[in-house]
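S.K.: First the structure, then my questions, so here it is.
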Amino acid sequence: MELINLPKPDRSKSGLSKVKVIMGIGLLLLSFSHLCFGQHSKTFQANSMRVFEGNILKDPNLLKLRVKKSQVGTFYLCEDWKKTDIYMVTDSSIIKGMETRIDLRRNELEIKYKGEVKVLPSYRIRSIVFTDDEDLFVTENLLKSSQKGFYKVLIDDENSLLCKYNTKVQPSSYNMQLDAGKKSSSIIKVHSYFVCKGTSLIELGKTRGKLKRQFNEQPKLYDFIKQNKINPKKEESLISFVGFLNENHLNAN
């Protein structure tokens, strides 16, 4: 048998052919993706145009939207900054002449110093004095009280009269359907009065009835409250009551 020598394949040309095939497939896929994206973009644009179609409303009240409620008042005892001497718990240090204000909600003293506002919690303070009006406040540290915060000293004597200020939020009473009531909630300052003698701290009843019941076993105090119509909601009335305690060397407990 006669053998025929076949020509050897050119491997370099074969490699080029494979590259051309791969590039062709890539171009085909790229064209297909552009076609699909173009169709998707046209669909999106068409849908977007339909989103902005519809009836025009010029009065938003027709949507019956909820009224945004605002808040009237402040959580500060006084928003103004006051010159203050601060008597600290640690090392009995005194910081003099600082501009401060009391945050009743957080029981903190804000201090304005070199363009910044620093915060000092009541548990680090023994007392403060507003130097302009000479108002004195003591904290729970001096009174050994579980009620944290600042107590204003109204009478400093054998029996001392203290006032503690708290805040509460009174909700809005607005009724949208009736368009009636207050649209704003209010921050209300609440006063609690205490008689302090030594280590004893007694909170006074907040109504005349509660105050009389509180001292119904002490005839002198009960009669004084009844005859002088002591009103525990009025500061001057309680000053008169504690003055009577001191004049007669009586105890409130």
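S.K.: Do we have Ile187 as closer than 30 Å to Phe75 by Cβ, surrounded by 12 or more Cβ atoms within 10 Å (Cβ to Cβ), among the aliphatic types (A, V, I, L, M) and assigned by TED's automatic domain parsing to the domain that holds Lys152 here?
M.R.: yes
S.K.: All but one of (1) outside any helix (DSSP H, G or I); (2) in the same structural domain as Ser92 (by TED's automatic domain parsing); (3) free of Cβ contacts under 8 Å to residues at least 40 places away in the same chain hold for Leu142, so report the exception by its number.
M.R.: Leu142 satisfies all of (1) outside any helix (DSSP H, G or I); (2) in the same structural domain as Ser92 (by TED's automatic domain parsing); (3) free of Cβ contacts under 8 Å to residues at least 40 places away in the same chain except (1).
S.K.: Does any residue of region 102-125 turn out to be touching a Cys at 6+ places or on another chain (Cβ under 8 Å), at pLDDT 95 or above, crowded, with 19+ Cβ neighbours inside 10 Å and under 22 Å from Leu161 (Cα atoms)?
M.R.: Yes, region 102-125 contains at least one residue that is touching a Cys at 6+ places or on another chain (Cβ under 8 Å), at pLDDT 95 or above, crowded, with 19+ Cβ neighbours inside 10 Å and under 22 Å from Leu161 (Cα atoms).
S.K.: Oh, and also: For region 124-136, indicate whether the set of residues that are under 23 Å from the mean Cα position of the chain (by Cα) and either in contact (Cβ under 8 Å) with a residue 12 or more places away in the chain or closer than 24 Å to Ile155 by Cβ (or both) is non-empty.
M.R.: From region 124-136, those under 23 Å from the mean Cα position of the chain (by Cα) are 124-125; that's our starting set.
Remaining after also requiring either in contact (Cβ under 8 Å) with a residue 12 or more places away in the chain or closer than 24 Å to Ile155 by Cβ (or both): 124-125.
Yes, that holds for at least one residue.
S.K.: Right, another one. Quick one: Gly205 ticks every box in (1) in a strand (DSSP E or B); (2) at pLDDT 95 or above except a single one, so which number is it?
M.R.: The failed condition is (1).
S.K.: If the Cβ limit is 9 Å and pairs must be 6+ apart or interchain, which residue in region 178-190 that is modelled with pLDDT of 80 or more pairs with which residue that is surrounded by 14 or more Cβ atoms within 10 Å (Cβ to Cβ) and of a type in the set (Gly, Ala, Ser)?
M.R.: Ser186/Gly73; Ser186/Ser172; Ile187/Gly73; Ile188/Gly73; Lys189/Gly73
S.K.: Could you list, in sequence order, the residues of region 146-177 that are farther than 18 Å from Leu77 by Cβ and over 23 Å from the mean Cα position of the chain (by Cα)?
M.R.: Residues satisfying the conditions are Ile155, Asp156, Asp157, Glu158, Asn159, Ser160, Asn175, Met176, Gln177.
S.K.: Being touching a residue at least 24 places away in the same chain (Cβ under 8 Å) and in contact with a strand residue (DSSP E or B) (Cβ under 7 Å, 6 or more places away or on another chain) is the filter; apply it to region 112-123 and report the residue that is farthest from Met88 (Cα to Cα).
M.R.: Among residues in region 112-123 that are touching a residue at least 24 places away in the same chain (Cβ under 8 Å) and in contact with a strand residue (DSSP E or B) (Cβ under 7 Å, 6 or more places away or on another chain), the one farthest from Met88 (Cα to Cα) is Lys112.
The values are calculated or read from the model by the stated rules, or taken from the named source; none is laboratory data. Since this is a predicted model, take the numbers as computed values, not measurements. Heads up, the Cβs are rebuilt from the backbone with ideal geometry, glycines too, and the neighbour counts pull from every protein chain shown.
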